[in-house]
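*Asks:* Quick one: the structure is below, and I'll ask about it shortly.
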Amino acid sequence: MTETTTQPAGAAEDTPLNIRPILHYTAKNTWLNDPNGLVWHQGIYHLFYQNNPFDNVWGNMSWGHATSTDLLHWTEHPVAIACDEEEDVFSGSIVVDHGNTSGFGTAKDPALVAIYTSAFKEGSVHHGTQAQSLAFSTDAGMTWSKYAGNPVLGRDSAHFRDPKVFRYEGPTGSCWVMVAVEAQHQQVVLYRSANLRNWEYLSTFGPANASGGEWECPDLFPLPVDGNPDNIKWILVVNINPGAVAGGSGGQYFVGDFDGVQFTADSDSLVPADADGTTDLRRCLWLDWGRDYYAAVSFSNAPGNRRIMIGWMNNWDYANTLPTSPWRSGMSLAREVELATVDGLPRLVQRPVLPLDCGEPARTILDLELHDSLLQLPDAMPGSAQLIEAEILPGTARTVAFRLLGASGGSTATVLSFDADTSRLTLDRRNSGNTAFHDKFASAESAAVKLDDGLLRLRVIVDQCSVEVFAQGGRVVLSDLVFPLAGNLGTDVCVEGGTAIVRKLAVTALS
Ligand code: FRU
């Protein structure tokens, strides 16, 4: 294996290149993008991912592999499914073939079967097309063989990719269902199969809502509304690049029903185009309102019926230029997603998967009145991530702002602020440190937030070079990468224009 690293743009600035997150997965020396083949098997979570085994920029796409028992501590393994002279191995999913429907395993020892996109290269007779292929593992996911009969499903299309396969049990019977995309037509296409090798077309969904870029990495899964097993809705996740609400890549979702053939979105999750043909992206449903949560997909078989998603913490606008080395790019924290009734409608709420015991907060504040003032909080600890949990009544204040990863004297910081006039929460990294490595990086992203009985509720995870904000119990999420200058670890809260009451504020170091 040759290993080369490029000099990242912006490296001249004072950002440590080894600013590696503590709680987020990164590959040791290489590039990664989309999470692939998220599967739980024999007590282990497997995270496969788009990986360039030879470099820290996109290319030579293969499936990297890591495992974990808690979704926080990951062990990297050798490349699982490698590119070759005929194909790059693009995104896809993995199922445990319990019934040995594919014949790759046995009824006693079911195979893991990966369904991935072959992006065919010049060396292949299929050159110019993308089609779906299989690989299988009979040693619990550690080594993989490509199926000799590949590809198993093509459409004579150059942009047919990202198959997510799951087991469907319903009134029409039990079968494998695949959702994939016709990326440039902004369509999700659905197929079914009895044996993972032969596929039958079912239906097409889209274009709908955000459609100003390629649709990629879809997912489809059921969730009970408010935990009620008698009220199941289906969620169709569609990642889009470019054309997401904060610019570049992002993930939208639709709430609706799936009858084994067709996904039908509820009318309240569809946003009709305006008279001029444009769609108000702020009215669409987004997994994340920040810049850096893309290609998010879920484990279809996580234990305890939990629906756990992981996204790539990056954005194609600038992905290849992030100022880190030798690795580049990481995953988001795993997130547990549920459906809850929000303003009368079923909507996703998300919770980050954190250590079960986060330890004692470094500082806890209860019932403190802040009138046009600045409250210093404990610095982020070198070598630790930081969890900030806050319940604040903005009261008469115009803004309540957290300044994260800041310099002493306030010259740079990532600012998370709530504006009482607009009721919007904004994550602003324009002055966060090194932003110069790409002209699209400096940005501020915001989302509407409805206070709960006047209360702003925040859970913020700051991990070296990322900020993930879960507001109002996870109804609104904002995630951004940031590259603070060396040694900038300061945290404070600033209240302006009136009096706010801090009901509860706890800052905890997570290592
Ligand atoms: C999304 C994506 C997928 C594709 C993969 C290639 O980020 O473009 O559509 O399968 O990345 O690496």
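The values are calculated or read from the model by the stated rules, or taken from the named source; none is laboratory data. These numbers come from a predicted model, not from an experiment. When we count neighbours, we look across all protein chains shown, and the Cβ atoms used for this are built from the backbone with ideal geometry, even at glycine.
*Asks:* If you take the residues in segment 460-482 that are small (Gly, Ala, Ser) and in a strand (DSSP E or B), which one is farthest from the chain's Cα centre (by Cα)?
*Replies:* Let us first name the residues in segment 460-482 that are small (Gly, Ala, Ser), namely 466, 471, 473-474, 479.
Still in the list and also in a strand (DSSP E or B): 466, 471, 479.
On the way: Ser466: 13, Ala471: 16, Ser479: 9 Å.
Checked segment 460-482; the qualifying residue farthest from the chain's Cα centre (by Cα) is Ala471.
*Asks:* Name the residues in segment 225-237 that are buried (at least 16 other Cβ atoms within 10 Å of the Cβ) and more than 21 Å from Tyr294 (Cα to Cα), would you?
*Replies:* Result: Val225, Lys233.
*Asks:* I'd like the full set of residues that are surrounded by fewer than 24 Cβ atoms within 10 Å (Cβ to Cβ) and either within 16 Å of the ligand (Cβ to nearest atom) or not hydrophobic (A, V, I, L, M, F, W, C) (or both), limited to segment 34-44.
*Replies:* Restricting attention to segment 34-44, the residues satisfying the condition of being surrounded by fewer than 24 Cβ atoms within 10 Å (Cβ to Cβ) are 39-44.
Of everything in segment 34-44, those that are surrounded by fewer than 24 Cβ atoms within 10 Å (Cβ to Cβ) and either within 16 Å of the ligand (Cβ to nearest atom) or not hydrophobic (A, V, I, L, M, F, W, C) (or both) turn out to be His41, Gln42, Gly43.
*Asks:* Is there any pair linking a residue in segment 85-98 that is farther than 17 Å from His41 by Cα to one that is more than 12 Å from the ligand (Cβ to nearest atom) and at pLDDT below 95, with Cβ under 8 Å and at least six apart or on different chains, and which?
*Replies:* Within 8 Å, the pairs are Glu85/Gly123; Glu86/Gly123.
*Asks:* Residues that are under 22 Å from Ser62 (Cα atoms): find the strands (runs of 3 or more DSSP E) completely inside segment 128-206 holding 1 or more of those. Show your work before the answer.
*Replies:* Numbers: elements: 130-137, 160-170, 173-182, 187-193, 200-205.
Those strands (runs of 3 or more DSSP E) span 130-137, 160-170, 173-182.
*Asks:* For Glu214, are the conditions met, namely being over 18 Å from the mean Cα position of the chain (by Cα), within 16 Å of the ligand (Cβ to nearest atom) and either closer than 26 Å to Val342 by Cα or buried (at least 17 other Cβ atoms within 10 Å of the Cβ) (or both)? Can you show your working first?
*Replies:* On the way: over 18 Å from the mean Cα position of the chain (by Cα): no; within 16 Å of the ligand (Cβ to nearest atom): yes; either closer than 26 Å to Val342 by Cα or buried (at least 17 other Cβ atoms within 10 Å of the Cβ) (or both): yes.
No, not satisfied.
*Asks:* A further question on this structure: Among Ser68, Ser133, Ser145, which is touching a Phe, Trp or Tyr at 6+ places or on another chain (Cβ under 8 Å) and free of Cβ contacts under 8 Å to residues at least 24 places away in the same chain? Show your work before the answer.
*Replies:* Numbers: Ser68 fails: free of Cβ contacts under 8 Å to residues at least 24 places away in the same chain; Ser133 fails: free of Cβ contacts under 8 Å to residues at least 24 places away in the same chain.
Just a single option satisfies the conditions, and that option is Ser145.
*Asks:* Would you be able to tell me the number of residues in segment 217-245 that are of a type in the set (Val, Ile, Thr) and away from the ligand (no atom under 16 Å from the Cβ)? Show your work before the answer.
*Replies:* Just the residues of segment 217-245 that are of a type in the set (Val, Ile, Thr), to begin with: 225, 232, 235, 237-238, 240, 245.
Next, from what is left, pick out any that are away from the ligand (no atom under 16 Å from the Cβ): 225, 232, 235, 245.
Going through segment 217-245 one residue at a time, the tally reaches 4.
*Asks:* A further question follows. So which residues in segment 176-211 are hydrophobic (A, V, I, L, M, F, W, C) and within 16 Å of the ligand (Cβ to nearest atom), if there are any at all? Spell out the reasoning first.
*Replies:* First pass over segment 176-211, keeping only residues hydrophobic (A, V, I, L, M, F, W, C): 176-181, 183, 188-190, 194, 196, 199, 202, 205, 208, 210.
Hits for segment 176-211 are Met178, Val179, Ala180, Val181, Ala183, Val188, Val189, Ala210.
*Asks:* So, one more: Go through segment 238-336 and tell me which strands (runs of 3 or more DSSP E), entirely inside it, have 2 or more residues that are in contact with a strand residue (DSSP E or B) (Cβ under 9 Å, 6 or more places away or on another chain) and surrounded by 22 or more Cβ atoms within 10 Å (Cβ to Cβ). It would help to see each step written out before you state the result.
*Replies:* On the way: elements: 250-258, 263-265, 294-298, 308-313.
Ranges flagged: 250-258, 294-298, 308-313.
*Asks:* Which residue out of Ser479, Ser446, Ser408, Ser466 is among the hydroxyl-bearing types (Ser, Thr, Tyr), more than 22 Å from Val349 (Cα to Cα) and in contact (Cβ under 8 Å) with a residue 24 or more places away in the chain? Please lay out each step first, then the result.
*Replies:* Working: Ser479 fails: more than 22 Å from Val349 (Cα to Cα); Ser446 fails: more than 22 Å from Val349 (Cα to Cα); Ser466 fails: more than 22 Å from Val349 (Cα to Cα).
Among Ser479, Ser446, Ser408, Ser466, only Ser408 is among the hydroxyl-bearing types (Ser, Thr, Tyr), more than 22 Å from Val349 (Cα to Cα) and in contact (Cβ under 8 Å) with a residue 24 or more places away in the chain.
*Asks:* Based on this model, can you work out whether Thr117 counts as buried (at least 22 other Cβ atoms within 10 Å of the Cβ) and among the hydroxyl-bearing types (Ser, Thr, Tyr)? Talk me through it step by step, then tell me what you get.
*Replies:* Numbers: buried (at least 22 other Cβ atoms within 10 Å of the Cβ): yes; among the hydroxyl-bearing types (Ser, Thr, Tyr): yes.
The answer is yes for Thr117.
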